[in-house]
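Participant: Have a look at this one before I ask anything.
The values are calculated or read from the model by the stated rules, or taken from the named source; none is laboratory data. Everything numeric in this text was worked out from a predicted model, so none of it was measured. Ideal geometry is used to build each Cβ from the backbone, glycine not excepted, and the neighbour counts take in all protein chains shown. Heads up: the accessible areas ignore ligands, DNA and RNA and are worked out on the full protein's heavy atoms, side chains in. Shrake-Rupley method; radii C 1.70, N 1.55, O 1.52, S 1.80 Å.
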Amino acid sequence: MTTIRTPAKIIPRAFPGIKPDEVQEIIINSRIKTYPPETVVCREDAVERTFYMILEGDFEVTKIINNADKRLLKTLTAGDFFGEMALIHNAPRAATVKSLTNTVLLELDKEGFDRVLKRSPSVAMAMVREISNRLRQNDQLAIDDLRLRASELADAYQQLAEQDLARQEFLSNIAHELRTPLMVASGYLQVLKKGMLSGEQLKISIETISRNVDQIITLTNDILFLQELELVLPEFQPVDIVDVVDHVIRKYEAKAKERRVILKVREDHGVPVAQGDSQSLERAVTALVDNAIKFSPPDGMVEVRISSRDNKVIIAVEDHGIGIDPIMRPRIFDRFVHLERNGDELYSGLGIGLSITRQVIQQHKGSLDVESQPGKGSKFIITLLKWQ
């Protein structure tokens, strides 16, 4: 049951110490009004001249923080009051007060309050005491808010510092990943220019130069592709995902064989075509297969499964390698996060493959999910829309 307060009980609570005849004087100069739910009685920054005492109902008090966020400061109910500053100071409201239920208010405007003061000066002293108490409370709220803001700023600064460090490490990784193949290719070119090689040695040298140049081109293309993804939205066409996966597997057969990893593809019968861009989807699958091989143990297996469900086409890439540390899991799609080492194992590359995959799938309005257990492997699942 909603509590209903009478003016004779509310007023002494608002102005402690005033006499019964002064209470009656305030009642005579006030008015009683009712409001439905969702009524804004006081609006932040508005200049108003009314003091309110709640006889029935509930209100919320909110304030806009940083010109954007609405924060709930407190809730008020029967027996509470608000807006007392309007009686003595012509200043904007500090917060917005809105009814949550059907409400009844006792309202005293500035003119009525001035009439009360002329007949009952002791009300002025009661008001001064109450205003002082409210100011102290508001100061504490302001201090608490400043502390909260300071904590949020500190967290934001920490995040920026971490991002800046990650970017610096990313640039260092780029320099390292480019420098190594450049130095190898440059060294062999110098030997070739001097005519010091022939026969089988010449063939091996040219293949080494070609392999390192391809590595540089792949790295550069990945970086440029990641940037272009943010600028260019491809026009979607029907895409045969089976063909996309087969193409990726053919490209990675040699690398898998070199690392003694078995590549296996399983596809359901009658998988429909997906809507998308075949080139970018191939890059997305390539990144997952490349990672799966990289993080698989020797004699391990990487399985790619193609299936469909309802109006979706699903690609799952699963390995049985090192898995993902739960601490790192929320950040694995960050383009600046790169796993360099696991125990004695060093990993090359920039670690932007998962970032590319996520961005591609987001552009396709699909989903990218991951299941992983440290030491047992990882499974990345791409879900795409079927071509309509």
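Participant: Run the reach check for LYS194 against lysines, Cα to Cα strictly under 26 Å, same-chain hits fewer than 8 apart removed. What comes back?
Facilitator: Those lysines meeting the cut-off are LYS203.
Participant: Mind running the shape call on segment 231-298? Use the C-alpha gyration tensor, a ≥ b ≥ c as the square roots of the eigenvalues: rounded below 1.5 for a/c, prolate if a/b tops b/c, oblate otherwise.
Facilitator: Taking the square roots of the gyration eigenvalues as a ≥ b ≥ c, segment 231-298 is oblate.
Participant: Ordering THR220, THR39 from largest to smallest accessible area (1.4 angstrom probe), what's the sequence?
Facilitator: THR220, THR39
Participant: Could you order LEU354, LEU182, LEU117 so the one with the most accessible surface comes first? Probe is 1.4 Å.
Facilitator: Sorted by accessible area, descending: LEU182, LEU117, LEU354.
Participant: Residue separation times 0.36 nm, minus the C-alpha to C-alpha distance between ALA46 and GLU235: what's the value?
Facilitator: Going from the current span to full extension adds 62.9 nm.
Participant: Name the long-range amide H neighbours of ALA95: under 5 Å, sequence gap of 5 or more, or other chain; modelled H, no Pro or chain starts.
Facilitator: Sorted by chain and number, the residues that satisfy this are ASP45.
Participant: Using a 7 Å offset from the Cα along the Cα-to-Cβ direction at both ASP246 and GLN159, what is the distance between the two label points in nm, to one decimal?
Facilitator: Label-label distance for ASP246 and GLN159, simple model: 4.6 nm.
Participant: Can you compute the FRET efficiency between ILE64 and SER151 using 1/(1 + (r/R0)^6), with r the Cβ-Cβ distance and R0 = 22 Å? Round to the nearest 0.05.
Facilitator: The calculated FRET efficiency here is 0.70.
Participant: Right, another one. By how many nm would the segment from LEU117 to LEU224 lengthen if fully extended, with 0.36 nm per residue of separation less the alpha-carbon distance?
Facilitator: 31.0 nm
Participant: Take the alpha carbon gyration tensor of segment 54-101, find the square roots of its eigenvalues, order them as a ≥ b ≥ c, and report rounded if a/c is under 1.5; if not, report prolate when a/b exceeds b/c, else oblate.
Facilitator: In terms of gyration-tensor shape, oblate.
Participant: Hey, what do the phi angles of segment 358-364 turn into as Karplus ³J(HN,Hα) couplings, whole Hz, using 6.51/-1.76/1.60 and θ = phi - 60°, x for Gly and Pro?
Facilitator: After applying 6.51 cos²θ - 1.76 cosθ + 1.60, I find 4, 5, 4, 5, 4, 5, 8 Hz.
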